[in-house]
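Enquirer: First, the structure itself, so that you have it in front of you.
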Amino acid sequence: MSGSTIVGAYPKVTPSGLDMKRLIASASMCVAILGAGIAAQANAAVVNHLPTSEKVIAITFDACEAGKPAVLDEKIVGVLKQEGIPFTVFLGGRFVRDNAAAVEELAKTANVEFENHSWSHPKDMRELDDADVQYQVTRAAQEIEKVTGRKPKYFRFPGGNDDDRTISLVEGLGYRVVHWDKPSADPDPKISVEKLSSYMLSMAHPGAILVFHINGRGVETATALPGIIAKLKEKGYSFVKVDDVLGKQHAAGQP
């Protein structure tokens, strides 16, 4: 078939060095854009405020042992019971083990929600390997359920230190990650009642998630809390547990 043309046959083209550099640069840019998009999606999965326009606020507490034994702050518990408002406690598993009687008693309160705050409150869970991240979550969940009779659905990273990998691991265990609008100020030994109250009230908006400590680290929390609650009520806010809003969102099939 000499002299005939073969349909579909094309001359072989070898890219020049410059073309190859451009191709690699273009591919790298695409990968970077894709990676940024994936990271944005993962970070978007962290709940920093409740998805609602209603004037509701979630008052949450961390109860953990950050390197040393801690106890449940009974003064704060007394304020919450007196106020009769719903609240959420993110429990460290080791804290629950070491304060089982107090936590079991708190579980008798109808308006309290218990969620997961890791087993031993490692400073930065990003430094753990996959198996250790999963252990921190599952071991805490076992202790929380054993003592309170309730299975947690939400997880709060110690210090809010997370990344795409750790978030994915936690979500793979069936949890949603819930943090806060702004970091808590109540562990500051120098903060006054007035400054703590002003700081927390400045964060008030529909769906705000406020975070305090109920493990003895909230230096002025028990004193400041009644005034904070009163001021929020004056502004027309009511209070919810985290799952009161996120649970309805999930039931409605919303992401």
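The values are calculated or read from the model by the stated rules, or taken from the named source; none is laboratory data. The structure displayed is predicted, hence computed values, not measured ones. Glycine gets a Cβ as well: all are built from the backbone with ideal geometry, and neighbour counts include every protein chain shown. The protein model used for the area step is the full one, side chains on, heavy atoms only, and it has no ligands, DNA or RNA in it. Shrake-Rupley method; radii C 1.70, N 1.55, O 1.52, S 1.80 Å.
Enquirer: Name the single residue, out of those in the stretch 103-113 being among the hydrophobic types (A, V, I, L, M, F, W, C) and open to solvent by 10 Å² or more (accessible area, probe 1.4 Å), that is nearest to PRO158 (Cα to Cα).
Expert: ALA107
Enquirer: (1) surrounded by fewer than 16 Cβ atoms within 10 Å (Cβ to Cβ); (2) without any contact (Cβ under 8 Å) to a residue 40 or more places away in the chain; (3) not β-branched (Val, Ile, Thr): which one isn't true of ALA100, the others all being true?
Expert: With (1) surrounded by fewer than 16 Cβ atoms within 10 Å (Cβ to Cβ); (2) without any contact (Cβ under 8 Å) to a residue 40 or more places away in the chain; (3) not β-branched (Val, Ile, Thr) applied to ALA100, the lone miss is (2).
Enquirer: On the given criteria, is ILE167 at pLDDT 95 or above, under 22 Å from ILE229 (Cβ atoms) and not aromatic (Phe, Trp, Tyr)?
Expert: The answer is no for ILE167.
A quick yes/no check of all residues on (1) charged (D, E, K, R); (2) touching a Lys or Arg at 6+ places or on another chain (Cβ under 8 Å):
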site	(1), (2)
VAL178	no, yes
LEU196	no, no
LEU201	no, yes
PHE212	no, no
LEU225	no, no
LYS241	yes, no
VAL245	no, no
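Enquirer: Then there is this: Within the stretch 60-91, how many residues are under 19 Å from the mean Cα position of the chain (by Cα) and closer than 23 Å to ALA224 by Cβ?
Expert: 12
Enquirer: Still on this model: Could you list all residues from the stretch 152-164 that are surrounded by fewer than 19 Cβ atoms within 10 Å (Cβ to Cβ) and either in a helix (DSSP H, G or I) or at pLDDT below 95 (or both)?
Expert: The answer is GLY159, GLY160, ASP164.
Enquirer: Is it true that ASP164 is among the acidic types (Asp, Glu) and within 23 Å of HIS49 (Cβ to Cβ)?
Expert: Against the criterion (among the acidic types (Asp, Glu) and within 23 Å of HIS49 (Cβ to Cβ)), ASP164 qualifies.
Enquirer: Let me ask something additional. Which residue pairs have Cβ atoms closer than 7 Å, lie 6 or more positions apart in sequence or on different chains, and pair a first residue in the stretch 113-133 that is touching a residue at least 40 places away in the same chain (Cβ under 8 Å) with a second residue that is among the aromatic types (Phe, Trp, Tyr) and open to solvent by 20 Å² or more (accessible area, probe 1.4 Å)?
Expert: Short answer, once both residue conditions are applied: ASN116/TYR175.
Enquirer: State the number of residues belonging to the stretch 165-182 that are open to solvent by less than 20 Å² (accessible area, probe 1.4 Å) and among the acidic types (Asp, Glu).
Expert: Final tally of qualifying residues: 0.
Enquirer: Here is a further query. Being surrounded by fewer than 15 Cβ atoms within 10 Å (Cβ to Cβ), at pLDDT 85 or above and β-branched (Val, Ile, Thr) is the filter here; which residues of the stretch 26-85 pass it?
Expert: VAL71
Enquirer: Can SER184 be described as modelled with pLDDT under 95 and either farther than 25 Å from VAL103 by Cα or assigned to a loop (DSSP other than H, G, I, E, B) (or both)?
Expert: When the stated conditions are applied, SER184 passes them.
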